[in-house]
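Below: one structure, written as structure tokens.
Each value in this text was obtained by applying a stated rule to the coordinates, not by laboratory testing. Because the structure is predicted, anything quoted here is derived from the model rather than measured. Cβ sites come from the backbone with ideal geometry, for glycine too, and all protein chains shown count toward neighbours.
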Amino acid sequence: MPMAAATNAFGVVGASGSGKTTLIERLIPVFLRSSRTVATIKLTHHDLDMDQNGKDSRRHRLAGAGAVALIGPKRTHIIHEASLDLSHALDHFASFDLVLIEGFIDAQIPKLEVYRPALGKPFRYPGKPMVCAIATDSPESIQDMPELDLNNPDNIADFILSQLGISA
């Protein structure tokens, strides 16, 4: 389902094993160095259950609570009993300067594709909305898409900020 682009959300998409998570891991410290707050959202195709048998939070869920929040001194976990769409998940991160989103190739947010020709997999961007660059470790001379050096997270971070209209 289409969603309006959040002004602070930028996506990273690509084939499995292309290095999406590694790129995000390398981008986060770059943004933190410039005193920006960063959150991430990752799409998974696996069922999630972070709650433990016998714990109060699980008992609340089993009793029928639609969501349970565990708030501790250092972190908070919120467990929804339904999958949130991306726009609702982004609502939880509105206070962050930047939200990096892994996956969600059809989302209406600007994104780049991580592409490694050595994987032998085709590009995923043709026909996908708002893919605005390719980050690759082997330039392919793509005529209709800017190419970014996958091994230069500082330049990729600058590109992301530029796409979001955030001053570097």
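So the values come out like this:
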read-out: Peptide ranges 146-157, 27-38 listed from the most packed, as the mean C-beta count within 10 angstrom indicates; value: 146-157, 27-38
read-out: Extension gain (nm, one decimal) between Thr22 and Ile78, 0.36 nm per residue minus Cα-Cα; value: 17.7 nm
read-out: Lysines with Cα under 22 Å of Lys74, excluding same-chain neighbours fewer than 8 positions away; value: Lys42, Lys55
read-out: C-alpha long axis of helix 20-33 to longest principal axis of the chain, angle in °; value: 90 degrees
read-out: Residue-averaged 222 nm ellipticity for the chain, from DSSP H runs of 4+ at -39500 (n - 2.57), nearest 500; value: -7000 deg cm²/dmol
read-out: Rounded tilt (10° steps) of 153-164 against the dominant C-alpha axis of the chain; value: 80 degrees
read-out: Listed peptides 72-85, 122-135 by packing density, highest first (mean Cβ within 10 Å); value: 122-135, 72-85
